[in-house]
1. Return only the number of the condition from (1) modelled with pLDDT under 85; (2) farther than 28 Å from N260 by Cβ that D349 does not satisfy.
2. Out of the range 52-80, which residues are exposed (fewer than 13 other Cβ atoms within 10 Å of the Cβ) and in contact with a helix residue (DSSP H, G or I) (Cβ under 8 Å, 6 or more places away or on another chain)?
3. Here are the criteria: (1) modelled with pLDDT under 80; (2) polar (S, T, N, Q); (3) not in a helix (DSSP H, G or I). Tell me which single one T312 does not satisfy.
4. Name the residues in the range 310-369 that are among the charged types (D, E, K, R), closer than 17 Å to Q220 by Cα and in contact (Cβ under 8 Å) with a residue 40 or more places away in the chain, would you?
5. Take V99 and tell me if it is at pLDDT 85 or above, more than 19 Å from V117 (Cβ to Cβ), among the β-branched types (V, I, T) and touching a Lys or Arg at 6+ places or on another chain (Cβ under 9 Å).
6. Any idea how many residues of the range 339-381 are assigned to a strand (DSSP E or B) and crowded, with 16+ Cβ neighbours inside 10 Å?
7. Give the residue that is modelled with the lowest pLDDT, with candidates limited to residues of the range 279-304 that are part of a strand (DSSP E or B) and touching a helix residue (DSSP H, G or I) at 6+ places or on another chain (Cβ under 9 Å).
8. Is there any pair with a first residue in the range 53-70 that is among the small types (G, A, S) and a second that is not in a loop (DSSP other than H, G, I, E, B) whose Cβ atoms are under 6 Å apart and which are 6 or more apart or on different chains, and what are they?
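The values are calculated or read from the model by the stated rules, or taken from the named source; none is laboratory data. This is a predicted model, so every value here is computed, not measured. In this analysis, Cβ positions are derived from the backbone assuming ideal geometry, glycine residues included, and neighbour counts consider all displayed protein chains.
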Amino acid sequence: MNFFISSLQVIHKTSRHLQAIIILLLMLKTVALFGDVYRVRNGDNLLIAVIGQPEYNQSVQVRDDGRISYFGGDLKVAGMTTEEINTVISDFLLKEELVNNPVIMVSLVSQENGIYVGGAVKTPGRYVISPESDIDLYRAITLAGGMSETADVKQVQLIRFKAIKQTDNDSKPNNMSDESEKSTVKIEIFDLSTDQSSRNIRVYTNDLVYVQQLKVIEVQGEVKTPGKLFVSNQISVADALARAGGFTQEADMTALVKVNRDGTLTELSVTEQFWKSVDKNGETISLADGEVLFIPNAFKVEPIYVTGYVRTPGAHRVRGPLTLQKAIAIAGGFEKDAIRDKVHIHRNDGTTIVHKFKTGIDSTILYPGDILEVHKKFQINWGIVSAAISSATAVIYLALNLTGD
């Protein structure tokens, strides 16, 4: 009877294992179909496309050492996904100061027929299609789950890759020639909001479809609906204020602050005709991607809180935003035992950020109502450790004596 029950348990466990394996295989299959999970191997061919910078587009092969040569760089890519390689190449271009804010799209040029759809789509990745498939730009985007909420429908790029054979007859006598392959890249941009003709644009195997992200700016402080705004390009201060619902009754219209991407602050002067917003030099101000417009309160100076291991923790009243560096400075600087390279920022909207702080170059901004928390370094209490060791020694000694008796 016990043997029969044990056998049933084994069968039951085995069945559960088989079910788990089947589910896992289905999950892996689903991921392979709808996500970019392939890891690059030695010998693979990659197409590197830098959006808006065609001179940096290049077709490369992964060498036997797992590296690629790209504009003087020797980059390790074997074992990575194309999304991870995007980051590697972006970091390289930024480090070498070749391209500002590069948008990279790496595609695997494989023997398998397919197209790559990336950018602001719900499930970016490579999708297998037949060379004879009649698939247009809209259907290609649909394969990737459609556009995300932050997609710029006016900036959809179709990148066509083609390898052509190049013949050099000048260096060989008797009409003998050397043939080599050269990669050509053609980029077309479509406005899917109005351009209905793009429905007839066919997408071929190995083409790349890239949907640009909308630019993001923020309006904070004394406006009726503060938050993020998604725009195609730059936006004027007037339009930003209008989309944020306009000023509240407590807004200080004479002291607007623009927070630039590098963390610097620009004070704006706004007259009754606020659509003519200008800086101190009289130049018209616009807001670009990643920038913030802050409108302070005219009747009160609001606090920024700095807590934890700083010399004078507590509320520090300020007019408008300030850098993380200044917040630590007005709190008296770090305590001796403070963790200096990592702080916690609790935003006024309830979100928390664990931020890697870099002394001297950090441009992170704090806003009124935010809380900056500085933690203490982990320290070993040697008194407790010593007491624990003494106790353990005494127990071992007692156990040995009892064993000897």
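1. (2)
2. none
3. Exception for T312: condition (1).
4. Within the range 310-369, just R319 meets the criteria.
5. Against the criterion (at pLDDT 85 or above, more than 19 Å from V117 (Cβ to Cβ), among the β-branched types (V, I, T) and touching a Lys or Arg at 6+ places or on another chain (Cβ under 9 Å)), V99 does not qualify.
6. So the first thing to find is which residues in the range 339-381 are assigned to a strand (DSSP E or B), and the list is 342-346, 352-356, 365-366, 371-374, 376.
Those still in the list that are crowded, with 16+ Cβ neighbours inside 10 Å too: 343-346, 365-366, 371-374.
Result for the range 339-381: 10.
7. Of the residues in the range 279-304, the ones part of a strand (DSSP E or B) are 284, 286-287, 292-295, 297, 302-304.
Those left that are additionally touching a helix residue (DSSP H, G or I) at 6+ places or on another chain (Cβ under 9 Å): 284, 286-287, 293, 295, 304.
On the way: T284: 66, S286: 84, L287: 89, L293: 90, I295: 88, I304: 88.
Only one residue tops the list, namely T284.
8. S59/L47; S59/S183; G66/K76
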